[in-house]
There are 2 protein chains.
Amino acid sequence: MSARATYADWIAVDWGTTHLRVWAMGEDGTLRAEAVSDDGMGTLGRDGFEPALLRLIEPWLGSGTVPVLACGMVGSRQGWAEAPYASVPARPAELPPVTVATRDPRIRVSILPGLSQASPADVMRGEETQIAGFLAQSPGFDGVLCLPGTHTKWVRISAEEVVSFQSFMTGEMFELLSEHSVLRHSVGAKSIDEGAFAEAVSETLSRPERLAQRLFTIRAESVLSGLGAEAARARLSGFLIGAELAGARPYWLGQEVAVAGAPALVHLYASALEAQGVSARRLDADPLTRLGLARAWATLRETIT
Amino acid sequence: MSARATYADWIAVDWGTTHLRVWAMGEDGTLRAEAVSDDGMGTLGRDGFEPALLRLIEPWLGSGTVPVLACGMVGSRQGWAEAPYASVPARPAELPPVTVATRDPRIRVSILPGLSQASPADVMRGEETQIAGFLAQSPGFDGVLCLPGTHTKWVRISAEEVVSFQSFMTGEMFELLSEHSVLRHSVGAKSIDEGAFAEAVSETLSRPERLAQRLFTIRAESVLSGLGAEAARARLSGFLIGAELAGARPYWLGQEVAVAGAPALVHLYASALEAQGVSARRLDADPLTRLGLARAWATLRETIT
């Protein structure tokens, strides 16, 4: 793929804690190639970023200089270069990026900032670009976007702006409890019992103060009455998501809601909301980051060309 | 210490998941010697229990047969021999133990059962013996005993019986979140800011549904405003304990309450309860298990001699 001319007009990069994803983009918005590696920012020292990026994009480089636009944890204080947070309210597609000094003259790297909120204190990095991608798909959206994941975000959007947001540690708690706690013996299954999930959501949504106690009943019922692994996994997930929905109620009650994330997780959140009478739009988050980077690139190009 | 006569009249054993503790006891209740090892039941296969026990108590054995009375996870299905749970209501000092077959004729090993509850489903192993020890110290206690730890227990006691109990996964969640989650970067300190703790307890006690969101603010404030490690640790502990107190309210509201555990943890629970107007007795749990085993031994001796 190497050639005298540059293969990509610009390169989009999603650089999180555990993975590096890159897309070779054409000026007209077409996707020409993509690649992924395990060189997440969590595994790299400051000097490791440029080589890790070049390993993936080398085949797309030519004689000129290619603009590279990145989002995610790569812009944190422990990342390649710090892109300070922009405070909400903010338009996620119009955040000015920071430029990173590189040794290789064939790339010109910019990193998009994350968003911060003073009270309640909150931060995001990477999700702001998913939000920009969502807004590219759904211009004029006025409502709440839920982005379930390790640190689930509930985001109020109006007039193309992020107005406010709240993060919940639900996903990380699920991982820790299912893999490292006493519950790991009970929740081995990968699939989930939907009835048990709905019941568990309903329990902690109405009584969120019982969360830590309900979690232990999963262990107790495994021991006492042989609770199955699918039901146990459903209850762990349901208790945590139910408690989250209780805390996020001001975000979804009476609002237009969309949920974007991994499809299985979107299904759980959307069906839990449906049981509360909220009909949420369901979206796969996978293409949103690239769409958001393309939108940010369109803004950036005007300022640098 | 080895002698022709047996050095111990009987041997008390607390055998948990991570540790094995043994005490050489005199018939009159005196403590003659003690020892501890890392041979917790979690690290042993079924054939490993007898050798692990003998390694510690060998010096106390003589020509006769010594009764050994054990409590804790050693009696679980994955332990040395299963001692099935006794259902509440139950008198914790009068639970009939199961006898374990041993190769060495110098020991006769019995294991005390744990307690179970059908609804809400709950189990304990080891704590029932601490409760027996507590009742030996406080005969006629009528109220609630809180045993904070990995899986904190709230126990209703009346007329020397455990009437009901509830477990909360608070301690295990604290360990997982402080050591394995994104918050591990924030909560490095070992000491705790008491003012920040009290404030955090109050927040989730009144709004337990916000737990997963409040937890993430620890991360956000570390990043945005340099929240100190002592304050961060205090808030993590306070948010979790506050949410637990919200769930355990029927157990402590208007009740006579005692808290027994590791002194630092007892201090946190008791001061959180004091802020709610509940003056809880504070006890070190360390001697309670041995006291409880002595009480169970006194009952058992009558039946076997």
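Every number in this text was worked out from the coordinates using simple rules, so none of it is lab data. Not measured: the values here are computed from a predicted model. Glycine also receives a Cβ, built like all others from the backbone with ideal geometry; neighbour counts cover every protein chain displayed.
Give me the pairs: first residue in region B:140-161 and free of Cβ contacts under 8 Å to residues at least 40 places away in the same chain, second residue hydroxyl-bearing (Ser, Thr, Tyr), beta-carbon distance under 6 Å, and six or more apart or on different chains, which are they?
As it stands, the answer is B:His151/B:Ser167; B:Lys153/B:Ser167, since those pairs meet every condition given.
Could you list, in sequence order, the residues of region A:252-264 that are under 22 Å from the mean Cα position of the chain (by Cα) and either assigned to a loop (DSSP other than H, G, I, E, B) or crowded, with 20+ Cβ neighbours inside 10 Å (or both)?
A:Trp252, A:Gln255, A:Glu256, A:Val257, A:Ala258, A:Val259, A:Ala260, A:Gly261, A:Ala262
Among the residues of region B:194-248, write down those that are free of Cβ contacts under 8 Å to residues at least 60 places away in the same chain, of a type in the set (Asp, Glu) and either at the interface with chain A (Cβ under 9 Å from one of its Cβ atoms) or buried (at least 21 other Cβ atoms within 10 Å of the Cβ) (or both).
Hits for region B:194-248 are B:Glu209, B:Glu221.
Give A:Leu31, A:Leu53 a once-over and let me know the one that is surrounded by 13 or more Cβ atoms within 10 Å (Cβ to Cβ), of a type in the set (A, V, I, L, M, F, W, C) and within 13 Å of A:Ile107 (Cα to Cα).
Details: A:Leu31 fails: within 13 Å of A:Ile107 (Cα to Cα).
From the options A:Leu31, A:Leu53, the qualifying one is A:Leu53.
Being small (Gly, Ala, Ser) and touching a His at 6+ places or on another chain (Cβ under 8 Å) narrows it down to one residue among B:Ser178, B:Ser167; which is it?
It is B:Ser167.
Looking only at region A:86-120, filter to residues that are in contact (Cβ under 8 Å) with a residue 40 or more places away in the chain and within 10 Å of another protein chain (Cβ to nearest Cβ); which one of those is surrounded by the most Cβ atoms within 10 Å (Cβ to Cβ)?
Of everything passing the filter in region A:86-120, A:Gln117 is surrounded by the most Cβ atoms within 10 Å (Cβ to Cβ).
For region A:265-283, give me the residue count where each residue is part of a helix (DSSP H, G or I) and under 21 Å from A:Glu203 (Cβ atoms).
Residues that pass the stated criteria total 9.
Among the residues of region A:65-83, count how many are in contact with a Pro (Cβ under 6 Å, 6 or more places away or on another chain) and on the phi > 0 side of the Ramachandran plot.
Result for region A:65-83: 0.
In region B:121-144, what count of residues is obtained for those that are in contact with a helix residue (DSSP H, G or I) (Cβ under 6 Å, 6 or more places away or on another chain), more than 14 Å from chain A (Cβ to nearest Cβ) and not hydroxyl-bearing (Ser, Thr, Tyr)?
8
Kindly list the number of the only condition in (1) assigned to a helix (DSSP H, G or I); (2) surrounded by fewer than 20 Cβ atoms within 10 Å (Cβ to Cβ); (3) hydroxyl-bearing (Ser, Thr, Tyr) that fails for B:Thr289.
(2)
Counting only residues that are part of a helix (DSSP H, G or I) and surrounded by fewer than 22 Cβ atoms within 10 Å (Cβ to Cβ), how many does region B:58-85 have?
In the first step, residues of region B:58-85 are kept if they are part of a helix (DSSP H, G or I); the result is B:58-60, B:73-75.
Checking the rest, the ones that are also surrounded by fewer than 22 Cβ atoms within 10 Å (Cβ to Cβ) come to B:58-59, B:73.
Looking only at that region, the number is 3.
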